[in-house]
Amino acid sequence: MSRKDTIKKQRKNTILKKVLFVFLLCIACFFILTSEIFSVKTVMVENNTVFSQEDILKMSGIALGTNTFKIKTNDISQRIKGDPYIKDVQVKRKLPSGIGIIVEERKEAASVFFLDQCIILDEEGYVLNTVESNPYLTIIDGLKIKDFSIGEKLIIENQEVLDEVLSVIIKMNDYELFFKKIIIEEEQLNVAIYNKLYCKANSEILINNMKTLGEIIYDLHKKGIKRGVIRVGEDGYFSYGPTD
């Protein structure tokens, strides 16, 4: 056989191999896209506390029985993140027949009133919802609100002040305390612990002395004292006076 014929034969074999490879690949793709082995049978949701697994499944739009390779994970992620209570989400295939969804939810932290609406905020100042009222959340009073949109950050003049107040609320929750209202004053915060018991201090001092404040509140509660003013100096010194 001549060199030329040998080359032609090698080329022909190469072409046949490529055709065979493409044919087998098509068969494999057809099997993967039609086989019940890869049909979604389970959807596992993790880190959800605000929403149930059924809620997240409904948001995702995933239909059980759909081929897992036909599901666009990015589209699912965007649908779930369309809810203001969802901060982030990861969607992963769990072959052969599962889908995993890991969510990071936004938690209700405080409320503010604007144009006769009670706006619910998370710990970062994002607007989660509007309701008539929510007595289980600390009310923030004194913000200069410009506008709001659900799912976006509250639009205000004094963003730094809001961040400081939300930091106080986070620390409050860490020590399992509850403040009915935080009133923003010119140089300090006026914290309503009960209807007639207040604590006056700036945000940094409150954050740094939250444990001591909790102990004082507990001590006053044991004594049946539910009115007066607790003051905290810049040196962290606490004083109490039985006046409004």
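Table for the structure above
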read-out	value
Of the trypsin sites (Lys or Arg not before Pro) in segment 92-122, those whose Cβ has at most 16 other Cβ within 10 Å and which sit in DSSP loop	LYS107
Net charge contributed by nearby residues that have their C-beta within less than 15 Å of LEU64 (K/R +1, D/E -1)	+3
Loop GluC sites (Glu not before Pro), segment 146-244, which have at most 16 other Cβ atoms in a 10 Å radius of their Cβ (DSSP)	GLU152, GLU157, GLU176, GLU185, GLU186, GLU187, GLU234
Relative contact order of the chain, defined on C-alpha pairs under 8 angstrom at six or more residues apart (%)	10 percent
Within-14-Å neighbourhood charge of TYR218 [Cβ basis; K, R +1; D, E -1]	+1
Paramagnetic reach from SER39 in segment 76-102 [backbone N under 16 Å; point 7 Å along Cα→Cβ]	96-99
Isotropically averaged projected area of segment 82-139, using the convex hull of Cα atoms (one quarter of hull area), nm²	5.0 nm²
Length gained when the stretch ASN195-ASP219 is fully extended (0.36 nm per residue, less Cα-Cα span)	6.9 nm
Calculated SAXS-style log₁₀ I(q)/I(0) at q = 0.15 Å⁻¹ - the chain, Debye, Cα scatterers	-1.02
With Cα atoms, 0 to 90° folded angle of helix 159-174 axis to the chain main axis	90 degrees
Rule-of-thumb Rg ratio for segment 145-244 [Cα; 2.2 N^0.38 Å; N residues]	1.14
Segment 39-105 - convex hull of alpha carbons, volume per residue in Å³	65 Å³
Over 32 Å (Cα to Cα) - which of LYS153/LYS211; LYS72/LYS153; LYS87/LYS181; LYS92/LYS171; LYS58/LYS107; LYS107/LYS144 fall in this group	LYS92/LYS171
DSSP-loop trypsin sites (Lys or Arg not before Pro) across segment 119-185, with at most 16 other Cβ within 10 angstrom	LYS144, LYS180
Sum of side-chain charges, SER97 neighbourhood, beta-carbon under 12 Å (Lys, Arg +1; Asp, Glu -1)	+2
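Coordinate-derived values only; no laboratory data. Here the structure is a predicted model, which is why all the values come from computation and not from measurement. Neighbour counts run over all protein chains shown; Cβ positions are idealised from the backbone, glycine included.
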